[in-house]
Amino acid sequence: MKHYALHACRAAAVTTAAVSAALMFGTAAQAQTPAPLADYPKQAITVVSPFPPGGGNDGVARLIAQELGTITGQSVVVENRSGAGGNVGTAQVSRAKPDGYTLVMSQTSVMAVNPRLYKNVGFDPLKDFVPISQITSAPLVLVSRGEGPYKTLEDYLAAARKQPGVITYATPGNGTMSHLMGALVSQKANVKLVHVPYRGAAPAITDLMGGTVDMLITSPASAEPMVAAGKLRILAMSHGDGVGVFKSAPTLQQAGMDGITADDWYGLFAPAGTPPDRVAYLAQAVDRAMKSPAVIAKINSGGSQPVGSAPAAFKTRLQKDTAYWAEMVKTAGVSLD
């Protein structure tokens, strides 16, 4: 069985990003409002969320936009331009004037996964954008019904071995990171699982609690309320950076799925060609925003970790994730057009 690894050591990567950010922007105690440039910012800044209102991407975009508005002294507005799994709004920003006034709050699935799933997403994440800062990091979580028969991941996989092609896993949709993670778990455990895609996590959770499906792979934010209420049980996380109710949950590695990991991040990008001094200004503004106790608490409440990495560290992260998910998509044999 082929071994998969997102990074040689995820902890080292996170530490490197943190050190890079500290060296460039200073410690939390030293974080200061960046001095405005002579010609920037002079007008409202738009942050595009390439997903509908009310979702995780939209929530993070609005949280950061509010903080940036205070820090920059300019209005920072969020526009939702959804479609094609985040491709529509992201492609539009790639063609925007590179002046620092149009940004996009993107995420792993859009920048690292979609270009390998779709034949034409309308943009090249490595060529058409300048990374500003990785905002958050979160694992994917595998959950079962709280009163159901599966108390551990091994319970679930054992049932799948006894009933090949019968035991199901739900996801928020075809081609999502959750879908690909399920395919990887199936291959690694050498079991035949049935994928049941939904249009979002909410209907999948409803069916999971009703017993229609056996397991769900989703984001911590989507599952947290039901996990906290005891209606869903955590079987595993894709890595060990859980917070709140996910803090002590077993990882896939601890559950015997050594070598499988995935990180669902949100990050801020500008169109390629944006002046370096404006990128640096925005990165420093985000760094200050990420030091806010209110921002940290809000991000943690959704099951994510705040990051706030420097542009260079975020670029390196994107390059690594792009290579990893290219291999994962190829192995899973998933294509969306």
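Hey, can you tell me all the residues within the stretch 95-135 that are among the small types (Gly, Ala, Ser) and surrounded by fewer than 21 Cβ atoms within 10 Å (Cβ to Cβ)? I'd like the intermediate steps shown before the answer.
Pass one, the stretch 95-135, residues among the small types (Gly, Ala, Ser): 96, 100, 106, 109, 112, 122, 133.
Within the stretch 95-135, Ala96, Gly122 qualify.
When residues in the stretch 112-134 are screened for being in a loop (DSSP other than H, G, I, E, B) and β-branched (Val, Ile, Thr), 1 of them pass. The set of residues from the stretch 11-41 being among the aromatic types (Phe, Trp, Tyr) and at pLDDT 90 or above comprises just one member, Tyr40.
Say whether the condition of being touching an Asp or Glu at 6+ places or on another chain (Cβ under 7 Å) and either among the aliphatic types (A, V, I, L, M) or without any contact (Cβ under 8 Å) to a residue 24 or more places away in the chain (or both) is met by at least one residue in the stretch 304-313. No, there is no match, as no residue in the stretch 304-313 is touching an Asp or Glu at 6+ places or on another chain (Cβ under 7 Å) and either among the aliphatic types (A, V, I, L, M) or without any contact (Cβ under 8 Å) to a residue 24 or more places away in the chain (or both).
So for the stretch 215-228 (the condition being within 25 Å of Ala323 (Cα to Cα) and over 20 Å from the mean Cα position of the chain (by Cα)), does at least one residue qualify?
no
Counting only residues that are basic (Lys, Arg) and buried (at least 16 other Cβ atoms within 10 Å of the Cβ), the stretch 138-172 holds 1 of them. Residue count for the stretch 319-337 satisfying the condition of being crowded, with 17+ Cβ neighbours inside 10 Å, aliphatic (A, V, I, L, M) and modelled with pLDDT of 85 or more: 1. Of all residues being without any contact (Cβ under 8 Å) to a residue 60 or more places away in the chain and touching a strand residue (DSSP E or B) at 6+ places or on another chain (Cβ under 8 Å) in the stretch 83-94, which is surrounded by the fewest Cβ atoms within 10 Å (Cβ to Cβ)? Just the residue, please. Among residues in the stretch 83-94 that are without any contact (Cβ under 8 Å) to a residue 60 or more places away in the chain and touching a strand residue (DSSP E or B) at 6+ places or on another chain (Cβ under 8 Å), the one surrounded by the fewest Cβ atoms within 10 Å (Cβ to Cβ) is Gln92.
Is there a residue in the stretch 69-78 that is in contact (Cβ under 8 Å) with a residue 12 or more places away in the chain and over 30 Å from Asp287 (Cβ atoms)? Checked against the condition, which is being in contact (Cβ under 8 Å) with a residue 12 or more places away in the chain and over 30 Å from Asp287 (Cβ atoms), the stretch 69-78 yields no hits at all.
Under the condition of being open to solvent by 10 Å² or more (accessible area, probe 1.4 Å) and under 13 Å from the mean Cα position of the chain (by Cα), the residues counted in the stretch 307-318 number 2. Listed by position, the strands (runs of 3 or more DSSP E) contained in the stretch 196-306 that have at least 2 residues being open to solvent by less than 20 Å² (accessible area, probe 1.4 Å) and over 19 Å from His179 (Cβ atoms) are 263-271. Within the stretch 173-193, the residues that satisfy the criterion of being aliphatic (A, V, I, L, M) and either without any contact (Cβ under 8 Å) to a residue 60 or more places away in the chain or open to solvent by 60 Å² or more (accessible area, probe 1.4 Å) (or both) are Val191, Leu193. For the stretch 146-161, the criterion of a residue being within 13 Å of Leu193 (Cβ to Cβ) and of a type in the set (D, E, K, R) is satisfied by at least one position.
The values are calculated or read from the model by the stated rules, or taken from the named source; none is laboratory data. Source: prediction; values computed, not measured. FYI the Cβ positions are ideal-geometry reconstructions off the backbone, even for glycines, and counts take in every protein chain you see. SASA here: full protein model, heavy atoms, side chains in, ligands and nucleic acids out. Shrake-Rupley method; radii C 1.70, N 1.55, O 1.52, S 1.80 Å.
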